[in-house]
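Below is one structure, written out as structure tokens, with a few remarks after it.
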Amino acid sequence: MKKIIALAAAAVLLTGCRASGADEEKPLRISAAASLMDAIGELEPEFRESHPDTELVINYGSSAKLRTQIEQGAPFDLFLSASNEDMDKAAHAGYIDEDTIIPFAGNRLVLVSADTVEGDIADVLRNPEGNIAVGQPDSVPLGLYTKESLSTSGLWDMLDGRLVYGKDARQVLTYAESGNTDFGIIYMSDAVISDKVEVVGELPPGETRIVYPAGIAEQAENPDAAREFLQLLTGDKGRRVIEDYGFSLPEGGK
């Protein structure tokens, strides 16, 4: 009789464990452009405080690399991209709920250097000396935007031998900060957070506006948390952080 009671108690305990595990909230997985690292980091504490039972997992990288990971089956709930192109490709392939896509930030391109530079941005770009860190134009939004801007000015081909390519926006910033390159073309948002480089000047915009869109996964495991993080990002606090870190608000933002 004692053995039967013990077995029954064990069965109840195991059942309770399974129920507890089933009720456990799933993590919120965010794939975010590398240039958003500091701004998102500013919002993390507030989200964690209001969602103490939700583990927040953020994967940073170039938007194209993140999209490739998504296409290869990497789990995610929310995609924060630095380009409309990568968001559109992910949505058209069925990975993003198109009804949830919303622009939340913009950006500008600037030329920076770790050294004090005499002359303006035109002098630097037309001077044949000094190498320049830029993003890979075929796989990094920063590189695409840079190529478009310099092509509009008729400078891209002329600068070819001076360019050093980075795998994402943060690597380009690191090259410029460390002095591994004489200059870097980066987002204004990265220049704002760096105390190691000075802005030489702003590049003219290219054909493609720099827009950061957000979208929730079509098969999100934690869609509620994804929506709530997106509300934080696009709300009053999020907009203040976006501007504080050198981004611009999307058209219509206040």
- Message: Which pairs turn up if I take residues in the range 63-87 that are assigned by TED's automatic domain parsing to the domain that holds D138 and farther than 20 Å from P103 by Cα and look for partners that are part of a helix (DSSP H, G or I) and at pLDDT 95 or above with beta carbon separation below 6 Å, at least 6 apart in sequence or on another chain?
- Response: none
- Message: Given the options R227, R209, R240, R162, name the one that is at pLDDT below 95 and either of a type outside the set (V, I, T) or not assigned by TED's automatic domain parsing to the domain that holds P137 (or both).
- Response: R209
- Message: Within the range 124-225, considering only strands (runs of 3 or more DSSP E) that don't extend past its boundaries, which have at least 1 residues that are aromatic (F, W, Y) and more than 22 Å from the chain's Cα centre (by Cα)?
- Response: 183-187
- Among (1) part of a helix (DSSP H, G or I); (2) farther than 23 Å from S31 by Cβ; (3) out of contact with any Phe, Trp or Tyr (no Cβ under 7 Å at 6 or more places or on another chain), the one test that V117 misses: (1)
- Message: If I filter the range 85-101 for residues that are within 28 Å of D224 (Cα to Cα), of a type in the set (K, R) and under 17 Å from the mean Cα position of the chain (by Cα), do I get at least one hit?
- Response: yes
- Which ones in the range 87-128 are under 25 Å from L159 (Cβ atoms) and of a type in the set (D, E, K, R)? R108, D115, E118, D120, D123, R126
- Of the residues that sit in the range 238-254 and are assigned to a helix (DSSP H, G or I) and either of a type in the set (D, E) or in contact with a Leu (Cβ under 7 Å, 6 or more places away or on another chain) (or both), which one is surrounded by the most Cβ atoms within 10 Å (Cβ to Cβ)? I242
- Within the range 9-23, can one find any residue that is more than 22 Å from D236 (Cβ to Cβ), under 25 Å from the mean Cα position of the chain (by Cα) and either of a type in the set (A, V, I, L, M) or modelled with pLDDT of 95 or more (or both)? no
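The values are calculated or read from the model by the stated rules, or taken from the named source; none is laboratory data. All values derive from a computational prediction rather than experimental measurement. As a convention, Cβ positions derive from the backbone with ideal geometry for all residues, glycine included, and neighbour counts pool all protein chains shown.
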